[in-house]
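Chemist: Structure in structure tokens, see below.
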Amino acid sequence: MSTPVLVFDGDCAFCSSCVEFALRHVVPDIVAVPFQDGGLSDELASRAQNEVLVLHPDGRRVWGGIDAVAVLLLASPRRVWRPLGLLLRTGPLRSVGAVAYRWVAANRHRMPGGTAACRIRPPG
């Protein structure tokens, strides 16, 4: 793998729309793969059901949730996104961003374009 991989819930219309936006406007050179396509460890597949993941090309680093969003913004060739990525990686904005990310993820079935298939189901 020579490029980062963005892993998302391919059954979720809201998630798919967000990934399409990211590919079009933020990081056009990243590979995006639904976690349902397989090839992930059980741990990563479980995480990907609840949060977007970015897998580093070296295979040893994984970012999830707001950290994944920040990494994508920092990796953008469009400089306009980088300051936001930096802010999301530091201090109080990281904490606020993490809370906001968890809220959106828990309510993604209620977001524009979301459907019942987008709902995160509790484990078990």
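Chemist: Based on what the data block shows, is G85 under 15 Å from the mean Cα position of the chain (by Cα), under 20 Å from R108 (Cα atoms) and of a type outside the set (A, V, I, L, M, F, W, C)? Reasoning before the result, please.
Modeler: Working: under 15 Å from the mean Cα position of the chain (by Cα): yes; under 20 Å from R108 (Cα atoms): no; of a type outside the set (A, V, I, L, M, F, W, C): yes.
Considered against the rule, which asks whether it is under 15 Å from the mean Cα position of the chain (by Cα), under 20 Å from R108 (Cα atoms) and of a type outside the set (A, V, I, L, M, F, W, C), G85 comes out as no.
Chemist: Determine which single condition P28 fails, assuming it passes every other condition in (1) closer than 21 Å to V99 by Cα; (2) in contact (Cβ under 8 Å) with a residue 24 or more places away in the chain.
Modeler: The one condition P28 does not meet is (1).
Chemist: How many of the residues in the range 75-110 are of a type in the set (A, V, I, L, M, F, W, C) and under 11 Å from C12 (Cα atoms)?
Modeler: 1
Chemist: Another one. Given the criterion closer than 15 Å to V5 by Cβ, touching a residue at least 60 places away in the same chain (Cβ under 8 Å) and within 13 Å of the chain's Cα centre (by Cα), identify the matching residue among L55, L44, L72.
Modeler: On inspection, the qualifying residue turns out to be L72.
Chemist: Report, by residue number, each residue of the range 58-69 that is closer than 18 Å to L23 by Cβ and either without any contact (Cβ under 8 Å) to a residue 40 or more places away in the chain or not hydrophobic (A, V, I, L, M, F, W, C) (or both).
Modeler: W63, V69
Chemist: Residues being without any contact (Cβ under 8 Å) to a residue 12 or more places away in the chain and either under 12 Å from E51 (Cα atoms) or among the acidic types (D, E) (or both): count how many of those fall in the range 85-106.
Modeler: Total meeting the criteria: 2.
Read the figures in this text as sums done on the coordinates, not as results from a lab. In this text, all values refer to a predicted model and were calculated from it rather than measured experimentally. Glycine gets a Cβ as well: all are built from the backbone with ideal geometry, and neighbour counts include every protein chain shown.
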